[in-house]
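Trainee: Handing you a structure now.
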Amino acid sequence: MASNQKSIHGTKFPFHVQEMERQMNLEPQEKEFDYSKRSQWLRAAVLGANDGLVSTASLMMGVGAVKQDIKAMILTGFAGLVAGACSMAIGEFVSVYSQLDIEVAQMNREKRSDVSIEMTKEEGQDGENEESLPNPVQAAAASALAFSLGAIVPLLAASFIKEYKVRIGVVVAAVTLALVVFGWLGAVLGRAPLVRSAARVLIGGWLAMAITFGLTKLIGARGI
């Protein structure tokens with residue numbers, strides 16, 4: 001085995017090349033990006049947009065099942081956009097704020113229990129912990145914005161088409177394309193299987209629209 005020798009005060013010590021390589025491999029390497037850290041804003045953004053798309057499109061399809069008037073369909077979609085965005089923002093704010101309270105309380109308990117840490121080390125860790133804390137306002141704003149962006153898709157698709165059957169078909173086509181894009185985007189950002197993720201989002205959106213359209217059509221046909 002090839003080896004080098006290192007002299008210290010005239011005394012030679014064998015120093016194997018393989019041992020040196022092994023020690024170098026044990027040195028801290030750059031950590032790979034933790035994709036789980038994206039979970040908070042990924043949920044608020046991609047899933048919020050998907051919720052806005054599916055819920056608004058389903059509302060518009062439900063109204064379109066009993067009324068062919070374009071004005072009624074657009075007003076329903078717009079009302080769904082505003083109500084849904086407000087609901088998502090409030091729900092996200094309350095949820096993330098509750099999570100923030102829990103994490104702050106846990107940090108305070110850890111500070112009281114671990115009194116042996118040096119002051120400088122505590123300050124560094126405090127800064128890192130504060131950066132990692134969830135932001136309720138940011139999460140609420142991202143959720144409302146994402147919901148609105150998703151809801152705009154069926155609204156724009158139906159806005160300029162007066163023919164009833166064509167309008168319904170265009171809305172379904174636009175929503176289908178958007179569902180595939182949202183499913184693909186969520187899979188890419190979260191490093192999940194692309195086909196499975198896109199298919200799951202697409203089938204779920206189709207089911208929501210079909211059930212809403214069918215039930216509303218049934219109730220409208222019975223004159224309730």
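Trainee: Please say if the stretch 145-193 is rounded, prolate or oblate, where rounded means a/c under 1.5 for a ≥ b ≥ c the square roots of the C-alpha gyration tensor eigenvalues, and otherwise the choice is prolate for a/b larger than b/c and oblate otherwise? List each step's numbers first, then the result.
Mentor: Details: a/c = 5.73, a/b = 2.16, b/c = 2.65.
Cα axes put the stretch 145-193 in the oblate bin.
Trainee: For the stretch 37-221, rounded, prolate or oblate, judged on the Cα gyration tensor with a ≥ b ≥ c (square roots of eigenvalues), a/c < 1.5 rounded, else prolate if a/b > b/c?
Mentor: Here the stretch 37-221 falls in the prolate category.
Trainee: How do F78, F147 line up, fewest other C-beta atoms within 10 Å first?
Mentor: F78, F147
Trainee: Once you list every other residue whose beta carbon is under 13 Å from the beta carbon of V63, what net charge do they have if Lys and Arg are +1 and Asp and Glu are -1? Write out the running numbers ahead of the final one.
Mentor: Working: positive: K67, K71, R167, K217; negative: D69.
Summing Lys and Arg as +1 and Asp and Glu as -1 gives +3.
Read-outs: derived from the displayed coordinates by stated rules, not from any lab. Predicted model, so just to flag it, every value in this text is computed and none were measured. Backbone-built Cβ (ideal geometry, glycine too); neighbour counts: all protein chains shown.
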